[in-house]
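Computed from the coordinates by the stated procedures, all read-outs in this text should not be read as laboratory data. Given the structure is predicted, the values throughout are model-derived calculations rather than measurements. Reconstructed Cβ throughout: ideal geometry from the backbone, glycine too, with neighbour counts over all protein chains shown.
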Amino acid sequence: MTTPPTMLQRLYLMQVVTRFIPAIGYGNVVCYLIETNDGKHILIDSGQPEDSADAPGMPPSEHERDVIAQLADLGLRPADIDILICTHFDVDHAGHHDAFPQAELIVQRAHYAVARSGHPRYVAARAHWDHPSLRYRLVEGDTEVLPGLTLIETSGHAPGHQSVLLRLPQTGPVLLAIDAVALRRLFTPERQKWPLDDDEQQLRASTQKLLDVVEREQVALVIFGHDAAQWQTLRKVPKYYE
Ligand SMILES: [Zn+2]
């Protein structure tokens, strides 16, 4: 008897924080969970830490149940997470990485290097993502993690930022743009850089790259990184896409 190949089965969407993001207004901070047919669990980002300070003069973040509590709602402990995909180490994406020492953490080598070098942007959550107990796998460029699950290098918002393309049995291909494209209205190659973005030329190239992915792969659903209006239209935990 041969074992059937690993296939992605479900995608869960979890909102963990509502946060005031300059240029966006209130945006949703989210994590994603993928389940496979053979019982693997892949988490994408881990949300914002409770100990993070909001920028001076900014309205406070509203914390909802954190990623660990929301995984528990699904009957999962942190040790059940096999892989943690780290899109980048901004404070709203890497705030609970240290809860997952049993997982393999996957990040782009270029991003890891810039953050480890002490870049001030990634200091806010550093205690959470740069913990000695964490096992990192450093990848370079577009990388297939599992059949139907591919990381897409999308620098520009941050060096070595990565988006995620996944293939679900019924929904079809889903693109998680993360912060390469935070809002639907920014999904155009003519866009301009925001203060939080690192490099306008790369940002535009990455946007074009994702537009090409959508066309080539016939993506059925693109989920933008912090689009509160789109979020209202999506299926959230405990519901899922399959
Ligand atoms: Zn973000």
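Taking square-rooted eigenvalues a ≥ b ≥ c of the alpha carbon gyration tensor, is segment 151-195 rounded, prolate or oblate, where a/c under 1.5 means rounded and, failing that, a/b exceeding b/c means prolate? Present the calculation step by step, with values, prior to reporting the outcome.
On the way: a/c = 3.30, a/b = 1.71, b/c = 1.93.
Cα axes put segment 151-195 in the oblate bin.
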Task: Proximal aspartates and glutamates relative to residue 40, as straight alpha-carbon distance under 20 Å, when same-chain residues fewer than 8 apart are discounted - done: 73, 80, 82, 98, 104, 144, 242
Task: Share of pairwise Cα separations in segment 57-148, more than 16 Å, in percent - done: 59
TODO: Hey, can you grab everything whose amide H is under 5 Å from the amide H of residue 145? Only 5+ residues off in sequence or another chain; H modelled, so Pro and N-termini drop out.
DONE: 150, 151
Open item on the list: Using a 10 Å cut-off around each Cβ, can you sort 199, 92 from fewest to most neighbouring Cβ atoms?
Closed with: 199, 92
Task: Cα-based convex hull volume of segment 1-140 per residue, rounded to whole Å³ - done: 125
Task: Note, ³J(HN,Hα) from phi for segment 193-208, Karplus 6.51, -1.76, 1.60, rounded to Hz, x at Gly and Pro - done: 6, 9, x, 6, 7, 7, 8, 5, 4, 5, 4, 5, 5, 5, 5, 4
- [ ] Measure of size requested: the Rg and Dmax of segment 8-232, with Cα atoms as the atom set and Å as the unit; please supply both.
- [x] 16.1, 48
Open item on the list: What are the equivalent ellipsoid semi-axes of segment 82-202, built from the alpha-carbon gyration tensor (square roots of five times its eigenvalues), in whole angstrom, biggest first?
Closed with: 22, 20, 12
- [ ] Under 25 Å Cα to Cα from residue 209, which lysines show up? Leave out anything in the same chain fewer than 8 places away.
- [x] 193
Open item on the list: Out of the GluC sites (Glu not before Pro) in segment 115-206, which ones are loop residues according to DSSP with at most 15 other C-beta atoms within 10 Å?
Closed with: 140, 190
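List the trypsin sites (Lys or Arg not before Pro) within segment 148-200 that DSSP assigns to loop and that have no more than 14 neighbouring Cβ atoms inside 10 Å.
On the way: sites: 167, 184, 185, 191, 193; in loops: 191, 193.
Here no trypsin sites (Lys or Arg not before Pro) fit, given the DSSP loop and packing criteria.
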TODO: Whole Å is fine, so just give me how far the alpha carbon centre of segment 100-139 lies from that of segment 152-229.
DONE: 22
TODO: Give a residue-ordered list of calculated ³J(HN,Hα) values for segment 232-241 (Karplus: 6.51 cos²θ - 1.76 cosθ + 1.60, θ = phi - 60°; whole Hz; x for Gly, Pro).
DONE: 4, 8, 9, 8, 9, 3, x, 6, 7, 9
Task: Histogram of C-alpha separations across segment 182-242, 10 Å bin width, % - done: 19, 45, 28, 7
